Amino acid sequence: MRLHSLSQSRGPRASHLLLVALIALLGASLLTLANAPRALACPVCISPDKITLSGDGVTGTASVTDAMLLTSFSTAQFMGFEQRAPIDPPVHTGPGVELTRYYNNTGVPASFWTQGFDHMRYYPGVSGQPGFIYYEGPVSDEARTFAEGMNFWQRDGKWFALTSAEQDEMGQLLAAANGNPQNSSAVPPPFTSPGAKASNPPGILSALASVPLAVVILLACLALLGVGVGYRLLYTRRHPRAFSPMAETED
């Protein structure tokens, strides 16, 4: 009888262990999301490996690869995830200076290094005031598909004002570009007129892209937890004596 009781207790013990494991997985996932660097889930949230510049004041196409300088131009800080409200189109002339960000790390398509990820145009301010950025968006369909999952499309075709600190960083980037060897044969991404209206993705893509990664992981953990609870309820119905206190006292 004792052997029979022990065999019956394996069911609830396995169920309890499953629930504990799922709860631990849920807690670990939330803790990881709260403390892990954003780059673990977003390979373009770190500093770009290269920025090319072309246009007003730049001969040909210049490449800047200074890792310390490029830190200020990651999508986590500049034209990416940071909170930034668009402004009305400012008074501007000429094509401005085009900036294209390139990434060459694990987790991104090869085209992010050969063609670039996204591009924008810088226009200086008047009388020494901070300038402006016209964000043109991803440079290719592959980059656009990648960016839609991070809500970058919301910036396409919009103007943004730089802060004083960002203007200083932009000045350092331009100075580095003017000090680097030029490549007149490089072709920058096609120019999108600031007056042209940017097209938004379909509504279903916008809805899916608006769901944060943390919510997706949380829902996945809750789904696993639900599976564990369902398994326990099903086992209880099929083996009611396994969870009965009387079953443990029988000899």
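Read-outs: derived from the displayed coordinates by stated rules, not from any lab. The shown structure was predicted, so the numbers you read here are calculated from the model rather than taken from an experiment. Backbone-built Cβ (ideal geometry, glycine too); neighbour counts: all protein chains shown.
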With labels modelled as points extended 7 Å from the Cα through the Cβ direction, what inter-label distance (nm, one decimal) is found for Trp113 paired with Asp66?
2.4
Label Asn104 and Leu224 with points 7 Å out from Cα along Cα→Cβ: what is the distance between them in nm?
3.7
Arrange the peptides 224-237, 50-63 so that the one whose residues have, on average, the most other Cβ atoms within 10 Å appears first.
50-63, 224-237
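So, counting K/R as plus one and D/E as minus one, what does the shell of residues with Cβ under 15 Å around Leu173 add up to?
Values: positive: Lys50, Arg101, Arg121; negative: Asp49, Asp56, Asp66, Glu98, Glu166, Asp168, Glu169.
For residues surrounding Leu173, the net value is -4.
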